[in-house]
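Data first, discussion second: the structure below is written as structure tokens.
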Amino acid sequence: MSYRVQTARNKSVMISRFFSRSRTATLGLVGLGLAALAGCQKPTPLVTVVHGTSSAHDQAACYSRANQPVNTPTCGTGHKAKAVDVAPGDVIGIGVDPEIAETGWFISLGDEHPISAGPLTTTYVEIQLPAEFLVTGSARLRVEQKSDGDSAPQGVWFFELT
């Protein structure tokens with residue numbers, strides 16, 4: 001389709017048509033961008049393990065924002081745990097985001113050896129590593145977000161102590 005421009009009035013009509021189309025396209029792109037952002041998930045809370053001058057932090061291997069328990073038998077499958085170099089008897093620090101501390105959290109070495117007797121409600125704790133857990137050369141540190149020892153966790157974090 002061709003336009004024949006003869007007067008300034010016709011030019012302004014063509015210019016306003018152009019801007020109207022570009023404005024519609026821009027609004028469409030902005031809407032598409034907002035829709036894409038709405039699909040993004042908020043990252044899980046972090047847990048940090050500190051030893052000496054080094055530290056490792058990671059997001060949860062499994063986490064539920066809906067206060068639903070996670071499936072612990074499959075939790076961590078395919079998740080590479082961050083490694084922290086330690087020696088038997090060393091003291092390590094474990095820090096958690098306030099969101100985890102509000103619910104309560106537990107520490108265990110391996111899957112069956114709890115370190116904390118009750119739910120921790122602070123954001124940082126130091127523990128001394130028992131020598132017997134590093135006999136094989138490494139041990140898995142597990143942090144679970146849950147309100148009591150009998151409930152299923154809402155989040156699970158793993159670290160490899162080597």
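Coordinate-derived values only; no laboratory data. Remember, it's a predicted structure, so these values are computed and weren't measured experimentally. Cβ: placed from backbone, ideal geometry, glycine included. Neighbour counts: every protein chain shown.
Key figures for this structure:
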{"quantity": "Residue check for Thr72: surrounded by fewer than 17 Cβ atoms within 10 Å (Cβ to Cβ), more than 16 Å from the chain's Cα centre (by Cα), among the β-branched types (Val, Ile, Thr) and farther than 19 Å from Thr44 by Cβ", "calculated": "no"}
{"quantity": "Sole exception among (1) more than 19 Å from Thr44 (Cβ to Cβ); (2) surrounded by 15 or more Cβ atoms within 10 Å (Cβ to Cβ) for Ile107, by number", "calculated": "(1)"}
{"quantity": "Any hit, the range 104-126, residues being assigned to a loop (DSSP other than H, G, I, E, B), over 16 Å from Phe158 (Cβ atoms) and in contact (Cβ under 8 Å) with a residue 40 or more places away in the chain", "calculated": "yes"}
{"quantity": "Residue, surrounded by the most Cβ atoms within 10 Å (Cβ to Cβ), within the range 128-162, restricted to residues that are in a loop (DSSP other than H, G, I, E, B) and in contact with an Asp or Glu (Cβ under 7 Å, 6 or more places away or on another chain)", "calculated": "Pro153"}
{"quantity": "Of all residues in the range 80-103 being among the small types (Gly, Ala, Ser) and in a strand (DSSP E or B), the one that is surrounded by the most Cβ atoms within 10 Å (Cβ to Cβ)", "calculated": "Gly95"}
{"quantity": "Answer residue from the range 117-161, given it is hydroxyl-bearing (Ser, Thr, Tyr) and within 23 Å of the chain's Cα centre (by Cα) and is farthest from Ile92 (Cα to Cα) among those", "calculated": "Ser151"}
